[in-house]
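K.L.:
Take this structure first; my questions come after.
The values are calculated or read from the model by the stated rules, or taken from the named source; none is laboratory data. Treat the numbers as computed from the prediction; the structure is a model and nothing was measured. Using ideal geometry, Cβ is built from the backbone for each residue, glycine included, and neighbour counts are taken over all protein chains shown. The area values use the complete protein model at the heavy-atom level, side chains included, leaving out ligands, DNA and RNA. Shrake-Rupley method; radii C 1.70, N 1.55, O 1.52, S 1.80 Å.
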Amino acid sequence: KDAGCTPLTVDFTSTVVGANSFIWNFNDTDSSISFDKNPTFTFDKSGIYPVMLIANGSCGSDTIKRNVTVFGIPDANFEIINACVNQNALFQNKSTDANSFTWNFGIPNATSSNSNPTFKYTQDGAYQVQLIARNTFCADTIVQDILVQSTPKAKFSIFNPEVCFSELVQFNNES
């Protein structure tokens with residue numbers, strides 16, 4: 001396996017014939033080295049690691065290098081702007097280390113693959129919105145509960161519509 005998500009554990013296998021000692025250099029930040037013929041090593045950080053094997057035998061040595069690519073795990077995150085009935089809700093993608101996205105807006109068959117989609121809810125209520133953020137090998141999922149609200153309708157009545165100057169008028173909120 002020469003690519004995957006962090007942490008990536010790789011079982012290295014030497015197919016060298018005639019060698020009696022091995023030096024593996026994993027070229028990570030700790031400059032880890034192994035003298036095993038077939039070591040296992042875990043890469044804890046994303047990056048491209050030029051792994052080198054030096055095989056020594058009675059008639060000389062040989063060196064081979066191969067890259068191991070370790071991808072960071074995406075961090076799925078988003079914010080919502082304007083969650084109101086019959087208005088476009090804007091989903092602001094705040095994900096990192098991702099290049100493709102799958103949204104589920106909490107309604108059957110309501111999905112999108114846009115990075116920052118909009119969606120129009122036709123009914124108020126609570127919805128579970130899911131975002132899956134992916135890169136080449138890795139994925140992360142977040143689910144947030146959102147509350148979609150109706151546009152308020154202001155309405156009031158006057159309890160005592162006919163009053164004299166300096167008398168209090170009483171209003172009744174009917175919103």
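K.L.:
Roll a 1.4 Å probe over the protein heavy atoms and report the accessible area of I33 in Å², nearest 10.
P.N.:
Solvent-accessible area, nearest 10 Å²: 90 Å².
K.L.:
Pop out the ³J(HN,Hα) list for the stretch 49-56 in order, Karplus 6.51 cos²θ - 1.76 cosθ + 1.60 with θ = phi - 60°, rounded to Hz; leave Gly and Pro as x.
P.N.:
Coupling constants for the stretch 49-56: 10, x, 6, 10, 10, 10, 10, 10 Hz.
K.L.:
I'd like to check one number: the per residue accessible area of the stretch 1-81, probe 1.4 Å, reported in Å² as a whole number.
P.N.:
Values: 4860 Å² over 81 residues.
Ligands and nucleic acids excluded, the result is 60 Å² per residue.
K.L.:
Follow-up question, since we're still on this one. Just the isolated ones, please: cysteines in the chain lacking another cysteine beta carbon under 4.7 angstrom.
P.N.:
C59, C84, C164
K.L.:
Just subtract the alpha-carbon distance of Q92 and T40 from 0.36 nm times their residue separation and send over the number in nm, one decimal.
P.N.:
14.6 nm
K.L.:
Within the stretch 5-30, which residues have the backbone N less than 14 Å from the label spot 7 Å out from T69 along Cα→beta-carbon, could you tell me?
P.N.:
5-6
K.L.:
Okay, moving on. Could you sort 111-120, 159-168 so that the peptide with the highest average Cβ count within 10 Å comes first and the rest follow in order?
P.N.:
Highest-to-lowest ranking by the protection proxy: 111-120, 159-168.
K.L.:
Given a 1.4 Å probe and every protein chain left where it sits, what share in percent of the accessible area of the chain is carbon and sulfur?
P.N.:
Carbon and sulfur: 49 percent of the exposed surface of the chain.
K.L.:
Moving to a separate point now. D2 versus S58, label points 7 Å from Cα toward the beta carbon: distance in nm?
P.N.:
3.3 nm
K.L.:
Can I ask one more? Starting from the Cα gyration tensor of the chain, multiply each eigenvalue by 5, take the square root, and state the resulting semi-axes largest first in whole Å.
P.N.:
So the three semi-axes of the chain are 66, 15, 10 Å.
K.L.:
Right, next: With every protein chain kept in the model, how would you rank K37, K155, K1 by accessible area, 1.4 Å probe, largest at the top?
P.N.:
Largest to smallest exposure gives the sequence K1, K155, K37.
K.L.:
Pull up the cross-link candidates among the lysines for K65, meaning alpha carbon to alpha carbon under 19 Å and not fewer than 8 places away within one chain.
P.N.:
K1, K37
K.L.:
Under a cut-off of 20 Å between alpha-carbon atoms, report the lysines in cross-link reach of K155, not counting same-chain residues fewer than 8 places apart.
P.N.:
Straight-distance partners of K155: none at all.
K.L.:
Defining a contact as two alpha carbons under 8 Å apart and six or more residues distant in sequence, what relative contact order in percent does the stretch 1-98 show?
P.N.:
Taking the mean separation of contacting Cα pairs over the length of the stretch 1-98, I get 27 percent.
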